[in-house]
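Single-structure report; data block below.
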Amino acid sequence: MAIQSQSSLPFHGGPMSEEEYLQLDRNAWNARYEYIDGVARLMAGGSIEADRIGFNVRSILTGSLRAGPCTVFGPDVQVLIGVKPNGRNDYYYPDCTISCDPADRRRGTKLIRSPRVAIEVLSPGTEKDDRGKKLDHYEALPTMHEIVLISQFAPHVEVYTREKDSVNWKHTMYRAGESVLLESMGVELAMDEIYEGVNFDEPLPSEIE
């Protein structure tokens, strides 16, 4: 498969080998791609609200976990999903990732291999995968303890927490005025802080006639 040159527009993605995907993502200076079940997916630009929410969450967690040993990573850090029944690797770019593995914070590291918490800010274009394939793949990772899905259109957060039996997962929903608990981190995030700077009363452009 021919991979785009740097002067071309971003390739929209499609089926390809893992080697072809890694080459595509490495050479795509103006785009990022995730790799799910053998298909490369171009990641669309996010909204102002999604960017603000992601920034807020990373800031809160960075402050709370500053003493270590866990590290907070942003949306430009790639995560390897390498434990799947079909033996195929996936590569994701969560909006926020937490790892407590020293190997993941070594200088020059470009790929997180032992994520403990993955946080996704949902968008219309990604929500189906975030709730479907990606959620299943996250849950299959032995190192993963919590997955957080955050709405950008209403104060609504969902947390999937691995139970003590290490097999089952607990699903908890949070609404406005509550605090989101990340049990594996011993950290709480107030909903008001997660959504600071996001005005839900302001109409979206599509709602303005």
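The values are calculated or read from the model by the stated rules, or taken from the named source; none is laboratory data. This structure is a prediction, so every number in the text was calculated from the model and none was measured. Using ideal geometry, Cβ is built from the backbone for each residue, glycine included, and neighbour counts are taken over all protein chains shown.
Quick notes on this structure:
- Criterion (out of contact with any Lys or Arg (no Cβ under 9 Å at 6 or more places or on another chain), crowded, with 19+ Cβ neighbours inside 10 Å, closer than 17 Å to Gly54 by Cα and at pLDDT 95 or above) met by exactly one of Val121, Val79, Val72: Val121
- Pairs with Cβ under 8 Å, 6+ apart, first in segment 28-56 and touching a residue at least 60 places away in the same chain (Cβ under 8 Å), second surrounded by fewer than 16 Cβ atoms within 10 Å (Cβ to Cβ) and part of a helix (DSSP H, G or I): Ile36/Lys133; Asp37/Lys133; Asn56/Glu193
- Among the residues of segment 87-145, those identified as within 17 Å of Arg162 (Cα to Cα), within 13 Å of the chain's Cα centre (by Cα) and β-branched (Val, Ile, Thr) are Thr97, Ile98, Val117, Ile119.
- Qualifying positions in segment 91-106 - modelled with pLDDT of 95 or more and not aromatic (Phe, Trp, Tyr): Pro94, Asp95, Cys96, Thr97, Ile98, Ser99, Cys100, Asp101, Pro102, Ala103, Asp104
- Residues of segment 17-55 satisfying the condition of being more than 18 Å from Leu111 (Cα to Cα), assigned to a helix (DSSP H, G or I) and more than 15 Å from the chain's Cα centre (by Cα): Ile48, Glu49
- Any hit, segment 141-150, residues being more than 27 Å from Arg41 (Cα to Cα), modelled with pLDDT of 95 or more and of a type outside the set (Phe, Trp, Tyr): no
- Filter pass, Ser99 being on the phi > 0 side of the Ramachandran plot, hydroxyl-bearing (Ser, Thr, Tyr) and in the same structural domain as Phe55 (by TED's automatic domain parsing): no
- Considered as a group, the residues in segment 159-190 that are without any contact (Cβ under 8 Å) to a residue 24 or more places away in the chain, closer than 19 Å to Val72 by Cα and in contact with a Lys or Arg (Cβ under 9 Å, 6 or more places away or on another chain) include one that is surrounded by the fewest Cβ atoms within 10 Å (Cβ to Cβ), and that residue is Thr161.
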